1. Mind counting the residues in region 8-57 that are modelled with pLDDT of 85 or more and of a type outside the set (Val, Ile, Thr)?
2. Taking region 177-200, which residues are in contact with a helix residue (DSSP H, G or I) (Cβ under 8 Å, 6 or more places away or on another chain) and part of a loop (DSSP other than H, G, I, E, B)?
3. Quick one: in region 33-65, which of the residues that are farther than 19 Å from Thr182 by Cα and of a type in the set (Gly, Ala, Ser) is surrounded by the fewest Cβ atoms within 10 Å (Cβ to Cβ)?
4. Show the residue pairs meeting these rules: Cβ distance below 6 Å; 6+ apart or different chains; first residue within region 227-243 and in the same structural domain as Lys170 (by the TED database); second residue assigned to a loop (DSSP other than H, G, I, E, B) and open to solvent by 100 Å² or more (accessible area, probe 1.4 Å).
5. Could you list all residues from region 224-243 that are surrounded by 13 or more Cβ atoms within 10 Å (Cβ to Cβ), under 32 Å from the mean Cα position of the chain (by Cα) and farther than 16 Å from Ala168 by Cα?
6. Being modelled with pLDDT of 95 or more and open to solvent by 40 Å² or more (accessible area, probe 1.4 Å): is that true of Ile110 here?
7. Among the residues of region 78-107, write down those that are farther than 17 Å from Val66 by Cβ and open to solvent by less than 40 Å² (accessible area, probe 1.4 Å).
8. What are the pairs, 6+ residues apart or on separate chains, where a residue within region 201-212 that is of a type in the set (Phe, Trp, Tyr) has its Cβ under 8 Å from a residue that is open to solvent by less than 70 Å² (accessible area, probe 1.4 Å) and assigned to a helix (DSSP H, G or I)?
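The values are calculated or read from the model by the stated rules, or taken from the named source; none is laboratory data. All of these numbers come straight from a predicted model, not from anything done at the bench. Using ideal geometry, Cβ is built from the backbone for each residue, glycine included, and neighbour counts are taken over all protein chains shown. Surface areas here come from the heavy atoms of the whole protein model, side chains and all, with no ligands, DNA or RNA. Shrake-Rupley method; radii C 1.70, N 1.55, O 1.52, S 1.80 Å.
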Amino acid sequence: MRRIFILFVLAVLCSCSKNERLVYDLDMHDIYYPIVTETRDSLFVSLLTADKILTTTVDVKLLGDVLRSPARFKVEVVKEKTNAVEGVHYEKLPDYYDFPAGEFVYKMPINLLKGDEGITEKPVSLTLRLVGTSDLGIAYKDRSEIRLVIADMLKMPEGTGYYGDMTAFKSLFGDYSRKKHTMIIELTGHDFWDGNYGNYGGSRGIYYEKDYYISFARKLYKIITEDEIEDENGNVMQGWMVP
């Protein structure tokens with residue numbers, strides 16, 4: 001009986017020790033890219049609707065308690081993983097960004113430049129790495145880099161699973177065509193991945209913005225079914241089951 005009691009006490013002590021290690025110090029403030037996961041490391045950004053400069057945003061999340069005052073962090077371009085050119089595809093990054101007080105997520109702005117004819121045919125990549133400072137550390141090394149895929153062209157939605165972009169597109173707009181895609185951009189004023197609309201700015205995919213797009217889907221249905229509009233292949237676009 002005494003032996004059982006001793007084992008029980010040891011188990012409790014070990015449990016407490018583990019729990020103490022799991023408690024996050026409220027004075028610790030670390031950051032990471034929440035969109036980066038084991039299966040995703042990039043964010044597509046379309047310049048189709050931009051004039052000359054598009055300010056896109058990338059979510060940076062705080063791990064720990066909210067800040068009592070703004071804190072600085074740094075972002076660097078990972079040159080070996082980047083073929084975008086500063087001054088051609090993006091503006092020089094600031095020396096530091098300021099994470100605001102009282103917030104868990106900061107929408108970090110990046111200014112992208114329109115004008116390079118090359119990205120109308122093939123995208124370029126801009127990889128950004130979070131760099132810790134005395135104010136803010138890095139929460140997860142494997143979530144400290146994100147790759148921005150920058151293009152000035154239509155990108156066909158991909159993914160046919162339940163949450164896939166193409167699945168969500170078809171549930172909203174019917175069969176895909178480049179002409180229909182262009183008409184949606186004209187209706188909304190932005191592409192699916194422009195980053196400044198709905199719940200997540202398209203960063204998590206079309207499925208997560210379906211509520212936002214329903215009214216536009218109904219407008220597009222009315223336009224297409226009230227006239228004969230041909231797609232890029234000369235086929236007349238047909239109606240579909242609108243949400």
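1. 18
2. Just the residues of region 177-200 that are in contact with a helix residue (DSSP H, G or I) (Cβ under 8 Å, 6 or more places away or on another chain), to begin with: 180, 183-184, 187-188, 191-192, 197-200.
Hits for region 177-200 are Asp191, Phe192, Tyr197, Gly198, Asn199, Tyr200.
3. Ser42
4. Close Cβ pairs (under 6 Å, with a partner that is assigned to a loop (DSSP other than H, G, I, E, B) and open to solvent by 100 Å² or more (accessible area, probe 1.4 Å)) amount to Val236/Glu228.
5. Matches in region 224-243: Ile224, Asp231, Met237.
6. Values: modelled with pLDDT of 95 or more: yes; open to solvent by 40 Å² or more (accessible area, probe 1.4 Å): no.
So Ile110 does not fit the description; no.
7. Applying the first criterion (farther than 17 Å from Val66 by Cβ) to region 78-107 yields 78-96.
Residues satisfying the conditions are Val78, Thr82, Ala84, His89, Tyr90, Leu93.
8. Pairs that qualify, where the first residue is of a type in the set (Phe, Trp, Tyr) and the partner is open to solvent by less than 70 Å² (accessible area, probe 1.4 Å) and assigned to a helix (DSSP H, G or I), are Tyr207/Asp165; Tyr207/Thr167; Tyr207/Ala168.
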